[in-house]
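Visitor: Handing you a structure now.
The values are calculated or read from the model by the stated rules, or taken from the named source; none is laboratory data. Keep in mind that what you see is a predicted model, and the values were worked out from it rather than measured. Cβ sites come from the backbone with ideal geometry, for glycine too, and all protein chains shown count toward neighbours.
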């Protein structure tokens with residue numbers, strides 16, 4: 001029953017956010033899904049983009065306690081690995097000017113092209129009605145950030161720029177925040193926009209008769225960088241980008257409601273999706289896992305060569321809500337032992353990156369039940385239950 005609800009709400013809204021989710025009645029989105037996955041599964045060869053599980057050592061935790069040589073050994077051989085989910089094996093290498101990392105394939109896809117008229121090897125087209133809106137939303141937010149003096153100051157100082165005399169204290173505060181966590185917290189405009197979308201997406205607005213403007217402003221302003229934007233920039237992002245001008249859900253512009261339904265689909269757009277560590281909240285974009293400046297960048301743990309990227313994206317839509325809404329929040333010790341059943345994934349009370357990755361693999365089985373084009377690696381997925389990184393990639 002829970003799987004049916006997630007499919008008819010979370011997944012259906014990513015395929016068609018224009019339609020109000022319904023637990024009963026016709027499922028035209030399912031016909032679109034089945035056609036898309038069958039098309040993606042046809043004509044594949046060994047070089048076709050596909051989904052992967054990737055692992056990397058969690059450097060910094062053991063090293064802080066026992067020193068670098070021993071800590072590196074423990075990170076490599078004894079401690080659980082960080083587990084992102086690569087939705088496409090053929091990641092984008094395009095880094096936009098002023099950005100720190102590569103953008104994702106589905107943010108570069110041409111959603112104005114006639115459906116089916118251009119290649120779609122990365123599985124973006126099925127979700128064009130939500131992804132096109134999210135792409136435009138991010139472009140709008142980035143534009144507003146680039147017009148913000150406070151944001152430009154943050155980027156200059158966070159990137160190591162020399163502070164002016166009256167900026168010394170601000171620069172010190174920025175560096176303190178950056179140095180506080182093992183996980184990276186320096187944001188570029190794309191990642192700051194993604195952060196806004198994630199936070200604005202979290203709370204359901206449909207029952208709110210007032211307070212939406214204040215709620216959205218708070219979520220836009222909230223940031224792991226702890227660096228505040230100008231109030232006018234926050235207002236501009238809310239009005240121009242999120243299209244929120246009314247305080248009650250019932251009086252919101254129709255397109256604002258459609259966009260709100262599409263917001264949780266952002267994590268499906270990324271080439272690599274992950275549950276990162278503190279201070280990040282799930283889900284997060286994961287290009288930094290491949291950063292060659294890391295001692296040990298991510299490597300492939302399970303290569304699902306017969307699972308098209310569209311199936312990986314479908315699986316994220318099915319599994320992410322139980323992760324992000326786990327009642328007791330983050331726990332570093334959850335999900336370490338054994339495989340995760342789909343039933344177990346639906347009843348999580350805590351989460352971490354291992355829960356997310358195992359539940360994503362379990363959700364790939366559910367994607368197979370929705371469309372046979374997602375069944376190519378079913379046997380491999382069924383036995384995916386390893387714990388440690390010492391075994392070779394599947």
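Visitor: Pick out the one residue from 149, 114 that is under 29 Å from residue 36 (Cα atoms) and surrounded by fewer than 19 Cβ atoms within 10 Å (Cβ to Cβ). Lay out the reasoning, then the answer.
Guide: Working: 149 fails: under 29 Å from residue 36 (Cα atoms).
So the residue among 149, 114 that is under 29 Å from residue 36 (Cα atoms) and surrounded by fewer than 19 Cβ atoms within 10 Å (Cβ to Cβ) is 114.
Visitor: Sort through 176, 169, 162, 226 and tell me the only one that's outside the structural domain of residue 275 (by TED's automatic domain parsing) and surrounded by 13 or more Cβ atoms within 10 Å (Cβ to Cβ). Break it down stepwise before answering.
Guide: Details: 176 fails: surrounded by 13 or more Cβ atoms within 10 Å (Cβ to Cβ); 169 fails: surrounded by 13 or more Cβ atoms within 10 Å (Cβ to Cβ); 162 fails: surrounded by 13 or more Cβ atoms within 10 Å (Cβ to Cβ).
When all the criteria are applied, what remains is 226.
Visitor: Let me ask something additional. Could you list, in sequence order, the residues of segment 241-264 that are over 26 Å from residue 320 (Cβ atoms) and surrounded by 14 or more Cβ atoms within 10 Å (Cβ to Cβ)? Break it down stepwise before answering.
Guide: The initial filter retains those residues of segment 241-264 that are over 26 Å from residue 320 (Cβ atoms), namely 245-248, 250-251, 253.
Listed by number, the residues that qualify are 245, 246, 247.
Visitor: Here is a check on your reading of the model: is residue 191 at pLDDT 95 or above and more than 25 Å from residue 143 (Cβ to Cβ)? Explain how you work it out, then say what you get.
Guide: Values: at pLDDT 95 or above: yes; more than 25 Å from residue 143 (Cβ to Cβ): no.
Here the answer is no, as residue 191 does not meet what is asked.
Visitor: Let me confirm something: among 286, 277, 254, which residue is more than 30 Å from residue 171 (Cβ to Cβ) and either over 21 Å from the mean Cα position of the chain (by Cα) or in the same structural domain as residue 74 (by TED's automatic domain parsing) (or both)? Spell out the reasoning first.
Guide: Values: 286 fails: more than 30 Å from residue 171 (Cβ to Cβ); 277 fails: more than 30 Å from residue 171 (Cβ to Cβ).
Checking each option against the conditions leaves just 254.
Visitor: Mind checking which residues of segment 74-88 are outside any loop (DSSP other than H, G, I, E, B) and either out of contact with any helix residue (DSSP H, G or I) (no Cβ under 8 Å at 6 or more places or on another chain) or under 18 Å from residue 183 (Cβ atoms) (or both)?
Guide: Filtering segment 74-88 for residues outside any loop (DSSP other than H, G, I, E, B) gives 74-77, 82, 85-86.
Listed by number, the residues that qualify are 75, 76, 77, 82, 85.
Visitor: Does residue 21 satisfy the condition of being over 23 Å from the mean Cα position of the chain (by Cα) and in the same structural domain as residue 307 (by TED's automatic domain parsing)?
Guide: Numbers: over 23 Å from the mean Cα position of the chain (by Cα): no; in the same structural domain as residue 307 (by TED's automatic domain parsing): yes.
Spelling it out, it is not the case that residue 21 is over 23 Å from the mean Cα position of the chain (by Cα) and in the same structural domain as residue 307 (by TED's automatic domain parsing).
Visitor: Let me ask something else. Could you run through segment 320-341 and say how many residues are modelled with pLDDT of 95 or more and over 16 Å from residue 282 (Cα atoms)?
Guide: 0
Visitor: How many residues does segment 43-55 hold that are over 24 Å from residue 12 (Cβ atoms) and either touching a residue at least 60 places away in the same chain (Cβ under 8 Å) or surrounded by 14 or more Cβ atoms within 10 Å (Cβ to Cβ) (or both)?
Guide: Taking segment 43-55 as the starting set, the residues that turn out to be over 24 Å from residue 12 (Cβ atoms) are 43-50, 52-55.
Add one more test, that the residue is either touching a residue at least 60 places away in the same chain (Cβ under 8 Å) or surrounded by 14 or more Cβ atoms within 10 Å (Cβ to Cβ) (or both), and what stays is 44, 46, 48-50, 52-55.
Of the residues in segment 43-55, 9 are over 24 Å from residue 12 (Cβ atoms) and either touching a residue at least 60 places away in the same chain (Cβ under 8 Å) or surrounded by 14 or more Cβ atoms within 10 Å (Cβ to Cβ) (or both).
Visitor: Right, another one. Tell me the helices (runs of 4 or more DSSP H) entirely within segment 101-158 that contain at least 1 residues that are in contact with a helix residue (DSSP H, G or I) (Cβ under 8 Å, 6 or more places away or on another chain), farther than 27 Å from residue 10 by Cβ and not assigned by TED's automatic domain parsing to the domain that holds residue 289.
Guide: Numbers: elements: 105-108, 128-145, 149-158.
Result: 128-145, 149-158.
Visitor: Also: Report whether or not residue 40 is assigned by TED's automatic domain parsing to the domain that holds residue 284, in a helix (DSSP H, G or I), in contact with a helix residue (DSSP H, G or I) (Cβ under 6 Å, 6 or more places away or on another chain) and closer than 16 Å to residue 308 by Cβ. Even if it seems obvious, please write down each step before you answer.
Guide: Values: assigned by TED's automatic domain parsing to the domain that holds residue 284: yes; in a helix (DSSP H, G or I): yes; in contact with a helix residue (DSSP H, G or I) (Cβ under 6 Å, 6 or more places away or on another chain): yes; closer than 16 Å to residue 308 by Cβ: yes.
Considered against the rule, which asks whether it is assigned by TED's automatic domain parsing to the domain that holds residue 284, in a helix (DSSP H, G or I), in contact with a helix residue (DSSP H, G or I) (Cβ under 6 Å, 6 or more places away or on another chain) and closer than 16 Å to residue 308 by Cβ, residue 40 comes out as yes.
Visitor: Okay, moving on. Scan segment 186-209 and tell me whether some residue there is farther than 27 Å from residue 243 by Cα, in a loop (DSSP other than H, G, I, E, B), assigned by TED's automatic domain parsing to the domain that holds residue 144 and in contact with a helix residue (DSSP H, G or I) (Cβ under 7 Å, 6 or more places away or on another chain). Talk me through it step by step, then tell me what you get.
Guide: To start, the set of residues in segment 186-209 that are farther than 27 Å from residue 243 by Cα comprises 186.
Filter again for in a loop (DSSP other than H, G, I, E, B), leaving 186.
Imposing the further condition that a residue be assigned by TED's automatic domain parsing to the domain that holds residue 144 reduces the set to 186.
From what's left, in contact with a helix residue (DSSP H, G or I) (Cβ under 7 Å, 6 or more places away or on another chain): 186.
There is at least one residue in segment 186-209 that is farther than 27 Å from residue 243 by Cα, in a loop (DSSP other than H, G, I, E, B), assigned by TED's automatic domain parsing to the domain that holds residue 144 and in contact with a helix residue (DSSP H, G or I) (Cβ under 7 Å, 6 or more places away or on another chain).
Visitor: Does segment 336-348 contain at least one residue that is in contact (Cβ under 8 Å) with a residue 40 or more places away in the chain, assigned to a helix (DSSP H, G or I) and in contact with a strand residue (DSSP E or B) (Cβ under 9 Å, 6 or more places away or on another chain)?
Guide: Step one: of segment 336-348, the residues in contact (Cβ under 8 Å) with a residue 40 or more places away in the chain are 336-339, 342, 346.
Still in the list and also assigned to a helix (DSSP H, G or I): 342, 346.
The next check asks that each one be in contact with a strand residue (DSSP E or B) (Cβ under 9 Å, 6 or more places away or on another chain); those that pass are none.
No, segment 336-348 contains no residue that is in contact (Cβ under 8 Å) with a residue 40 or more places away in the chain, assigned to a helix (DSSP H, G or I) and in contact with a strand residue (DSSP E or B) (Cβ under 9 Å, 6 or more places away or on another chain).
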